[in-house]
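In what follows, a structure is listed as structure tokens, so that the remarks can point back to it.
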Amino acid sequence: MLRIGLVPIVRPLFRGAKFGLEVKARAALEALAPRLDFELAWVCEPVAEAAQAEAAAKAAQAAQLDFLLLEHVTFATGDLLAPFLELPLPLGLWALPEVWDSGPLPQNALCGLNLGMSLRRQTPVKWLYGDPEDAWFFSRFRLTLDALRGVKALRESRVLWLGGPAPGFFAFDALPMTGLMVEKADLSELWAALEAVQDSEVDELLSGFDEPSDYTQEELRTTARLELALARLAQGFDGVAIREWPEIPEKLGVMAYSAMARLADRGYTFAPEGDLLGLAGQLALQAISGAPAILLDIAHFSERGLMLWHGGEAPKAWAEGPTRLIAHFNRGCPAVRDMALKAGPVSGLRILPGNKAVVHGGELSGEKGYDGDSGLLTRASWAAQEIEPRQFLASWLNHRLPHHLAVGMGEHQGALLEMCAWLGLEVLPVNLEENRLVWRV
């Protein structure tokens, strides 16, 4: 849960300082906490002097906050604002509305907000205006909380890189630069974990298999053993980027996808082909959307849209209809989950080396395509700009992006764009050129 801090600024010179507006505003903010899933974790006494501001800024930094709200109950000059503007914290400047709109000016809070925004230039700051119950305040504040959940995931998550990237997938070599904690492990740890799985554990797991399948339970024993081993290796991590081929099918005679899919049903997050930055995108999308995120390839284009596809590791939460365990499309061995991807809006994120990112989205039709998990993207958008699916494809290729799209449920591009701003990630613009060579972008 996000930890929010609050600093009211109340200068006694202004009439509005005597109305207890900061008390009412705090109560209204606390009432929002259950709805928006945050904790008002730290609130300081009203600040009126520079010395108080210095002390409050130090206390705020020590409070381990995810976001600090500096509340203009009244106007404040730069000497009160400066200690907070220098903090290495995501910061919001908030002005309460005036209590009346004629006669003597009661608070001058909006002017104080204007002054404060003009002073913070090197790092991001979000402005907010109005009472917490106001629609404008609520929508802007909710968007920021969603974005900060993504920030928190990318700064604090602990992930396992199991085996490194798939062979020849050189674009998956990059490490994230957002603060994500990465631990590396060789596939030898997977082989050891497989050896440690008891036959009785496999029997127990198989007894609960109820998903329709082209295979008998006996034929799924190895995939069940693999599921148990992967679950053990994933303990204590927020996600795993796994090199699931060629070693696993060559050594075990099975694909890892049904095991990954079943684990995803239970809340585990796996990125195939050792795509670490793809995994980072999944974690951010999950934090923002509250639902599982998956990695997909762009497998086909037609006038109907873009066919998004992957090998069969998606959770049932993404299924438009029934699912079935079938043979891998290429190797013919067990097992992958076959299903159509759920119809509805989606959002996507591709984090790139050099502190860059792509934010995208669109609409899935619910139609099934290739074996595995697949769906048709019939509407597309890039950084919240509506474009045609073929323009999306052109832009993706023009930017020479890695071939995995991290995709989450729902429309969350606004939160993703704000998250990138907090993290200092440059969001790549759409590049719609469809005919001539694009080289320098």
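The values are calculated or read from the model by the stated rules, or taken from the named source; none is laboratory data. None of the values given here were measured: they were computed from a predicted structure. No Cβ is skipped: glycine too gets one built from the backbone with ideal geometry, and neighbour counts run over all protein chains shown. With ligands, DNA and RNA removed, areas are computed over all heavy atoms of the protein, side chains included. Shrake-Rupley method; radii C 1.70, N 1.55, O 1.52, S 1.80 Å.
Taking Cβ atoms as reference points and 15 Å as the exclusive limit, the residues near TRP94 contribute a net charge of -1, counting Lys and Arg as +1 and Asp and Glu as -1.
Quick one: ranking TYR370, TYR268 by accessible area, 1.4 Å probe, largest first, what do you get?
TYR370, TYR268
Charged side chains reduced to their Cβ positions (Lys and Arg at +1, Asp and Glu at -1) give region 88-139 a dipole of some 440 debye around its Cα centre. Against the main long axis of the alpha-carbon atoms of the chain, helix 50-62 sits at an angle near 20°.
Ordering 345-358, 252-265 by mean Cβ neighbour count within 10 Å, with the highest value first, yields 252-265, 345-358. Each peptide among 286-294, 230-238, 270-278, 105-113 gets the average number of other Cβ atoms lying within 10 Å of its residues, and from highest to lowest they stand as 270-278, 286-294, 105-113, 230-238. For region 1-87, the Cβ-based charge dipole about the Cα centre amounts to some 320 debye (Lys, Arg positive; Asp, Glu negative; other atoms uncharged). Projected onto their three principal axes, the Cα atoms of region 214-269 cover extents of 31, 22, 15 Å, largest first. Over all other residues within a Cβ to Cβ distance under 13 Å of TRP318, the charged ones net out to -1, with Lys and Arg as +1 and Asp and Glu as -1. Accessible surface for region 278-419, divided over its residues, is 33 Å² per residue with a 1.4 Å probe. Decide, for region 1-80, between rounded, prolate and oblate: order the square roots of the alpha carbon gyration tensor eigenvalues as a ≥ b ≥ c, take rounded if a/c falls under 1.5, and otherwise choose prolate if a/b is larger than b/c, else oblate. Oblate shape, in that a/c is at least 1.5 and b/c is the bigger or equal ratio. For the set HIS300, HIS412, HIS360, solvent exposure ranked by accessible area (probe 1.4 Å, protein chains only) runs largest to smallest as HIS300, HIS412, HIS360. For LYS251, LYS342, the ranking by accessible surface with the largest value first comes to LYS251, LYS342, using a 1.4 Å probe. Among SER302, LEU205, PRO334, whose Cα projects farthest towards the positive end of the dipole of region 196-346, with charges put on the beta-carbon of Lys, Arg (+1) and Asp, Glu (-1)? The residue sitting farthest along the positive end of the dipole is SER302. Roughly how far apart, in whole Å, are the Cα centres of region 324-367 and region 79-108? Centre-to-centre (Cα) distance: 45 Å. Of the solvent-accessible surface of the chain, computed with a 1.4 Å probe over protein heavy atoms with every protein chain present, carbon and sulfur atoms account for 52 percent. One Cα centroid belongs to region 266-295, the other to region 369-428; the line between them spans 15 Å. Accessible surface area normalised per residue over region 55-107 is 37 Å², counting heavy atoms of protein chains with a 1.4 Å rolling probe.
Of the peptides 205-213, 393-401, the ranking by mean beta-carbon count within 10 Å, highest at the top, reads 393-401, 205-213. Mind running the shape call on region 345-441? Use the C-alpha gyration tensor, a ≥ b ≥ c as the square roots of the eigenvalues: rounded below 1.5 for a/c, prolate if a/b tops b/c, oblate otherwise. In terms of gyration-tensor shape, oblate.
Amide H contacts under 5 Å for HIS300: MET307, restricted to partners 5 or more places along the chain or on a different chain, H placed in the peptide plane at 1.01 Å from N. Evaluated at q = 0.08 Å⁻¹, the base-10 log of the normalised Debye intensity for the chain, with identical point scatterers placed on the Cα atoms, takes the values -0.54.
Where the centroid of each part is defined by its Cα atoms, how far is region 117-162 from region 10-43 in Å? Cα centroid to Cα centroid, the span is 18 Å. For the residues PRO46, PRO176, PRO334, a GNM of the chain with alpha-carbon springs under 10 Å puts the largest fluctuation on PRO46.
Using only side-chain charges placed at the Cβ, +1 for Lys and Arg and -1 for Asp and Glu, the dipole size of the chain relative to its Cα centre rounds to 1220 debye. Using the Cβ of GLU39 as centre and a radius below 12 Å, the other residues enclosed give a net charge of -2, where K and R count +1 and D and E count -1.
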